[in-house]
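Written out below as structure tokens is the structure these notes cover.
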Amino acid sequence: MGIKWDEFFVTGDPLIFASQIGIALTLVGALAGLTYFKKWNYLWSEWFTTVDHKKIGIMYILLGVVMFFRGGIDGLMMKGQTAVPENEFLNAQHYNEVFTTHGVIMILFVAMPLLIGLMNFVIPLQIGARDVAFPQLNALSFWLTVSGAALFNISFIIGGSPDAGWTSYFPLAGKEFSPGIGNNFYAVALQIAGAGTLMTGINFVVTVLKMRTKGMTLMKMPMFTWTSFITSIIIVASFPIFTVALALMTFDRTFGTHFFTISGGGMDMLWANLFWLWGHPEVYIVVLPAFGMLSDIISTFARKTLYGYKSMVISIVMISVLSMLVWVHHFFTMGNSAGVNSFFSITTMAIAIPTGVKVFNWLFTMRKGRIKFTTAMLWALAFVPNFVIGGVTGVMLAMAAADYQYHNTLFLVAHFHYVLIPGVVFPIFAGLYFWWPKMFGYMLNEKIGKWHFWLFVVGFNVTFMPMFFLGLDGAVRRAYTYSAETGFGPLMMISAVGSVILAAGFAALVYNIYWSARNADRNIGNDPWDARTLEWATATPVQHYNFASLPEVTKLDAFWHMKKNNELQPLTEDEIEEIHLPSNTWIPIYMGVIFGISGFLLVFEWTIAAGIAALGILAGLAFRSFDYDEGFHVHKDEIFETESKWRKSAKKGVKNHVS
Amino acid sequence: MKKSKLFLVSLTSIIAVLLLSGCENNMVVFNPEGPIARQILELINFSIALMLLVTVVVFGLFGFIVWKYREKKDNMDYEPPEEHGSTVLEIIWTVIPILIIVALTIPTVKTIYAIDEIPKGYENKEPLVINVTSADWKWIFSYPEQGIETVNYVNIPEDRPIDFRLTSAGTMQSFWIPALAGQKYTMAKAETQLYLVADNPGSYVGKNTNFNGQGYAGMEFEVLSQTQEDWDQWIKDVKETAPKMTLQEYEKMLEPSHLGRKTFSNTHLEWVDHSDPHSKNYTNPEMYDRGHGWPGKIFEDKDNYKNKDGNNEHSNHGNNEDMKHKESETEDSHGGDHSGH
């Protein structure tokens, strides 16, 4: 292989050198700390090998938050670089790597893990199930996501980062114009993480279809479950396209085939088509579950049933269908015939119809309600005006002729941040504040939460609003610098200041997590928000078996009606039965590691070594198929004891927190 | 809660003011200098008006509902009614967006078709064909009828339709002159087309909007619109004074670099038309090495122009010794793409 270490490790950039040292010190510190406090065994048996959907969900969220740091620092670096004309903080190459990784990380390693994490935690509880349909597969999904994220993240210190944009358009992303291995990291890391996501999709389709508790028909499911279900179907429909596209990319880059290159008859626009055939639905994969969270949160804090439940369901189904029919709007300017552009203009604009229905339904859910301004609700409320700005500019972009002036400018960049931040990040924050007590048994501090909220929302608007105007003045995206004559300077500076406020908002969240973990009240009962859906009918934090006896559902907002009609009976001893649960397993984490190793070797084009390492994957599969562990049973006495304990304190909690 | 209401009201008004003031500002998209850009602007203005209407209605409704139904000390025992929806209302807010979309669709489709052709009123004037070839990181303009070629600037006569034939020698770029027309991609082995007319003499900025590597930020060109007389004179001058370009010079020109302006009294179309699907490749992978990180393999390209003399210069499959050598060459030919422009 002939490794030259000075090429293997990226050298020559002081920023990267500093982060290399930082990463090394953090790693050593973490390993030493874990050893000193003897936490290895705890981590291994309670977390790394777990198949419990709640713990997997929490680990997903942790991954998302950590990646948010990385992606956020990338964003700050970009804003710092463009704050003034002809800045020399980053050079062109470094800037290209930074915006490429910013895009990939924010979409695939922040939005997706946070949403899938919340789905994992909440969905089985909302449908009254003990776990997802395939618990071990769920753990495998998580570890493959971690593996992909780790592989993608090491690229900037080992081997070189991808630098062809998060869309990695060919021919730029091919060997002809990106000969290093940076873009191999893109192809291989996303392939591994994508496999994990696809399995999650399959898992949740089956979970929602087969694991619902007695009486919960499809039309009685909470809206978050509905949107997650539809999302899972979109995942199953679109991720295989990405899998194929990435595989072809890997062939082009590693074995010299010509699917997308300009030599040898390759077709560069084939990549663009395949990428956006996945990439556009992907936007809805991250936005739809977020819509579902908003629905649940808004109806909880307005103390009303979701308005127009049926039309909400119809809208998400319509959005999911339309999401597959609009991909060409990403390249209106490629010289399509007027007919093609017209068709895709119309399908794209049509998405505004179901989305509009949803917005009005949310507004009317609040009408005649009693709106309680908790931090979670503030995030849900801030969604409406900010997302509307993203939505109307989206309609403007959908008009192909007008898009000739917006395409690839900062106007576009502003638009999609106005969709993705209010449409995905705000709801995720809302969801974190909302479900945090269920996950950890204490609430996040509301006062710090409001700091988090205001800094973030104001910072967000100050950052991205100027970009609309910059774009209309001819500022293109992804340019690492511009001259003073362009006149972009002042607005770029405002935007950069905004990003610092935005970052301060995120810092407030981190401080909130730290503060609340130490100081928050632990005695909050099982239902601190006076909520409406089944996840709040369990203990807080939830026991590993979720429900002692599975609840029976007769209505939408089942838990709310149980509370109202005093149907929440104390559990009697003879009702309790032994509960069967699956055992922990080391196979998923082993698979994650072995996928990571063979992926790493493949990135470096050491194909034979990668092939040998990949035998380890087969070994894992083989081992799994001879694994006859059938799980274990939780004993009746244990269930009775824990159940009576939380039910006693639950009554107290309700008094304290429901006003 | 006063704070959030105040914030929303001020946000709404800021947006409204900014959007409304969009009509009389100096943003380039709002100052079209030709019929095509003007047609697009009309569409944009129409959409802004409609979208502003939507925004105002939703913001108003949102502010009203959130304010009126907020939890107060004196409504703590108010229990909201059980309400599941209203078919009539839901139909209304399905139909209204449909109407808005239809209202937007009609002018959109009309404009899409209109800007695909020579603008109205200019059909009788014969369009001037200019072949545009984008390469890393420069724009090459060939005037096949006049037999001249320019790099990084293009002179056009006013009031005459220009028929740009766009292609690329390598990576994909996007050809954009915001004051005169929208943009179109340039792709190797394919041809796209863009019509425009300039109303007046003047100088306009053109640029690449599609990211294509390290020199991307500097990929701008000047469009100079001249009176017919001035333009004729310029053509004459170029033909008399500009040097001829040779094949070797052209190959050198296609290497990744910034070049500044150049003028020639012949065109490269004599030996290659990059929009032809069977044209040779002019790629130089070894020159794109980033100078740090693992180099990776480079594959030979059978179609490359370098094969013409039978010996392929870059058959060094990840040969590190050679890579190092190539790297220092690259530094030279990049010609300061890090130092701004």
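The values are calculated or read from the model by the stated rules, or taken from the named source; none is laboratory data. None of these values were measured; they are calculated from a predicted model. Don't worry about glycine lacking a Cβ; one is built from the backbone with ideal geometry, like all the others, and counts go over all protein chains shown. Ligands, DNA and RNA are stripped out before the accessible areas are found, and what is left, the full protein with its side chains, is counted by its heavy atoms. Shrake-Rupley method; radii C 1.70, N 1.55, O 1.52, S 1.80 Å.
Name the residues in region B:56-86 that are open to solvent by less than 30 Å² (accessible area, probe 1.4 Å), at the interface with another protein chain (Cβ under 7 Å from one of its Cβ atoms) and modelled with pLDDT of 95 or more, would you?
Once the filter is applied, which keeps residues that are open to solvent by less than 30 Å² (accessible area, probe 1.4 Å), at the interface with another protein chain (Cβ under 7 Å from one of its Cβ atoms) and modelled with pLDDT of 95 or more, region B:56-86 yields B:Val58, B:Phe59, B:Phe62, B:Ile65, B:Val66.
B:Thr227 is checked against (1) open to solvent by 50 Å² or more (accessible area, probe 1.4 Å); (2) over 30 Å from A:Leu172 (Cα atoms) and fails just one. What number does that condition carry?
(1)
If we scan region A:311-325, do we find a residue that is over 25 Å from the mean Cα position of the chain (by Cα) and not aromatic (Phe, Trp, Tyr)?
So far as region A:311-325 goes, yes, one or more of its residues are over 25 Å from the mean Cα position of the chain (by Cα) and not aromatic (Phe, Trp, Tyr).
Could you list, in sequence order, the residues of region A:69-108 that are out of contact with any Phe, Trp or Tyr (no Cβ under 7 Å at 6 or more places or on another chain) and of a type in the set (Phe, Trp, Tyr)?
A:Phe69, A:Phe89, A:Phe99
Does region A:335-355 include one or more residues that are of a type outside the set (Phe, Trp, Tyr), part of a helix (DSSP H, G or I), open to solvent by 10 Å² or more (accessible area, probe 1.4 Å) and farther than 30 Å from B:Ser174 by Cα?
Yes, that holds for at least one residue.
Restricting to region A:163-189, name every residue that is outside any loop (DSSP other than H, G, I, E, B), in contact with a helix residue (DSSP H, G or I) (Cβ under 6 Å, 6 or more places away or on another chain) and not aromatic (Phe, Trp, Tyr).
Result: A:Asn184, A:Ala187, A:Val188, A:Ala189.
With the requirement that a residue be in contact (Cβ under 8 Å) with a residue 40 or more places away in the chain and surrounded by fewer than 24 Cβ atoms within 10 Å (Cβ to Cβ), what does region B:168-192 give you?
Result: B:Ala179, B:Lys189, B:Ala190, B:Glu191.
Only one of A:Ala352, A:Ala376, A:Ala382 is of a type in the set (A, V, I, L, M, F, W, C) and more than 30 Å from B:Glu79 (Cβ to Cβ). Can you tell me which?
Checking each option against the conditions leaves just A:Ala352.
Yes or no, residue by residue, for (1) aromatic (Phe, Trp, Tyr); (2) at pLDDT 95 or above; (3) open to solvent by less than 70 Å² (accessible area, probe 1.4 Å); (4) assigned to a loop (DSSP other than H, G, I, E, B):
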residue: B:Trp234; (1), (2), (3), (4): yes, yes, yes, no
residue: B:Asp237; (1), (2), (3), (4): no, yes, yes, no
residue: B:Thr263; (1), (2), (3), (4): no, yes, yes, no
residue: B:Ser279; (1), (2), (3), (4): no, no, yes, yes
residue: B:Thr283; (1), (2), (3), (4): no, no, yes, yes
residue: B:Met287; (1), (2), (3), (4): no, no, yes, no
residue: B:Gly291; (1), (2), (3), (4): no, no, yes, yes
residue: B:Pro295; (1), (2), (3), (4): no, no, yes, yes
residue: B:Ile298; (1), (2), (3), (4): no, no, yes, yes
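I need every pair where a residue in region A:519-531 that is in a loop (DSSP other than H, G, I, E, B) has its Cβ under 6 Å from the Cβ of a residue that is among the basic types (Lys, Arg), sequence separation at least 6 or different chains.
none
Yes/no matrix, rows are residues, columns are (1) open to solvent by 40 Å² or more (accessible area, probe 1.4 Å); (2) at the interface with chain A (Cβ under 9 Å from one of its Cβ atoms); (3) in contact with a Leu (Cβ under 6 Å, 6 or more places away or on another chain); (4) at pLDDT below 95:
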{"site": "B:Ser13", "(1), (2), (3), (4)": "yes, no, no, yes"}
{"site": "B:Leu18", "(1), (2), (3), (4)": "yes, yes, no, yes"}
{"site": "B:Glu24", "(1), (2), (3), (4)": "yes, no, no, yes"}
{"site": "B:Ala37", "(1), (2), (3), (4)": "no, yes, yes, no"}
{"site": "B:Ile44", "(1), (2), (3), (4)": "no, yes, no, no"}
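Might you let me know whether region A:98-115 holds any residue that is within 18 Å of A:Thr533 (Cβ to Cβ) and either part of a helix (DSSP H, G or I) or polar (S, T, N, Q) (or both)?
Yes: one or more hits.
Here's the yes/no breakdown for (1) at the interface with chain B (Cβ under 10 Å from one of its Cβ atoms); (2) under 30 Å from A:Tyr628 (Cα atoms); (3) in contact (Cβ under 8 Å) with a residue 60 or more places away in the chain:
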| residue | (1), (2), (3) |
| --- | --- |
| A:Leu118 | no, no, yes |
| A:Ile127 | no, yes, yes |
| A:Asp131 | no, yes, yes |
| A:Ala139 | no, yes, yes |
| A:Thr145 | no, yes, yes |
| A:Leu172 | yes, no, no |
| A:Asn183 | yes, no, yes |
| A:Val188 | no, no, yes |
| A:Leu198 | no, yes, no |
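Mind checking whether some residue in region A:266-285 is free of Cβ contacts under 8 Å to residues at least 60 places away in the same chain, more than 30 Å from B:Pro277 (Cβ to Cβ) and buried (at least 23 other Cβ atoms within 10 Å of the Cβ)?
Yes - at least one qualifying residue is present in region A:266-285.
Please determine whether any residue of region A:525-542 is within 24 Å of A:Lys645 (Cα to Cα), open to solvent by less than 10 Å² (accessible area, probe 1.4 Å) and aromatic (Phe, Trp, Tyr).
Yes, because at least one residue in region A:525-542 is within 24 Å of A:Lys645 (Cα to Cα), open to solvent by less than 10 Å² (accessible area, probe 1.4 Å) and aromatic (Phe, Trp, Tyr).
Any idea which residue in region A:343-355 is farthest from A:Pro385 (Cα to Cα), counting only those that are at the interface with another protein chain (Cβ under 7 Å from one of its Cβ atoms) and touching a residue at least 24 places away in the same chain (Cβ under 8 Å)?
A:Ser345
Considering every residue within region A:362-375, establish whether at least one is open to solvent by 10 Å² or more (accessible area, probe 1.4 Å), more than 21 Å from the chain's Cα centre (by Cα) and under 21 Å from B:Ile96 (Cβ atoms).
Yes, region A:362-375 contains at least one residue that is open to solvent by 10 Å² or more (accessible area, probe 1.4 Å), more than 21 Å from the chain's Cα centre (by Cα) and under 21 Å from B:Ile96 (Cβ atoms).
Return the residues of region A:277-308 that are within 14 Å of chain B (Cβ to nearest Cβ) and over 19 Å from A:Leu420 (Cβ atoms); say none if nothing qualifies.
The answer is A:Ile298, A:Ser299, A:Thr300, A:Phe301, A:Ala302, A:Arg303, A:Lys304, A:Thr305, A:Leu306, A:Tyr307, A:Gly308.
Rundown of residues vs (1) assigned to a loop (DSSP other than H, G, I, E, B); (2) in contact (Cβ under 8 Å) with a residue 12 or more places away in the chain; (3) within 14 Å of chain B (Cβ to nearest Cβ), yes/no style:
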site: A:Thr11; (1), (2), (3): yes, no, yes
site: A:Phe17; (1), (2), (3): no, no, yes
site: A:Leu25; (1), (2), (3): no, no, no
site: A:Leu34; (1), (2), (3): no, no, no
site: A:Leu43; (1), (2), (3): no, no, no
site: A:Val51; (1), (2), (3): yes, yes, no
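Which residue pairs have Cβ atoms closer than 8 Å, lie 6 or more positions apart in sequence or on different chains, and pair a first residue in region B:102-120 that is assigned by the TED database to the domain that holds B:Tyr195 and at positive phi with a second residue that is crowded, with 16+ Cβ neighbours inside 10 Å and at pLDDT 95 or above?
Nothing qualifies.
Return yes when B:Asn212 is assigned by the TED database to the domain that holds B:Thr192 and under 24 Å from A:Met334 (Cα atoms) and no when it is not.
Here the answer is yes, as B:Asn212 does meet what is asked.
Looking at A:Leu571, A:Leu550, which one is of a type in the set (A, V, I, L, M), more than 23 Å from A:Leu218 (Cα to Cα), assigned to a loop (DSSP other than H, G, I, E, B) and modelled with pLDDT under 90?
The conditions single out A:Leu571.
Just to be sure I understand, how many residues within region B:151-178 are in contact with a Lys or Arg (Cβ under 6 Å, 6 or more places away or on another chain) and either in the same structural domain as B:Glu33 (by the TED database) or within 23 Å of A:His407 (Cα to Cα) (or both)?
So the count comes out to 5.
A quick yes/no check of all residues on (1) modelled with pLDDT of 80 or more; (2) surrounded by fewer than 12 Cβ atoms within 10 Å (Cβ to Cβ):
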site: A:Lys4; (1), (2): no, no
site: A:Glu7; (1), (2): no, no
site: A:Ile23; (1), (2): yes, no
site: A:Gly29; (1), (2): yes, yes
site: A:Ala32; (1), (2): yes, yes
site: A:Tyr36; (1), (2): yes, yes
site: A:Asn41; (1), (2): yes, yes
site: A:Glu46; (1), (2): yes, no
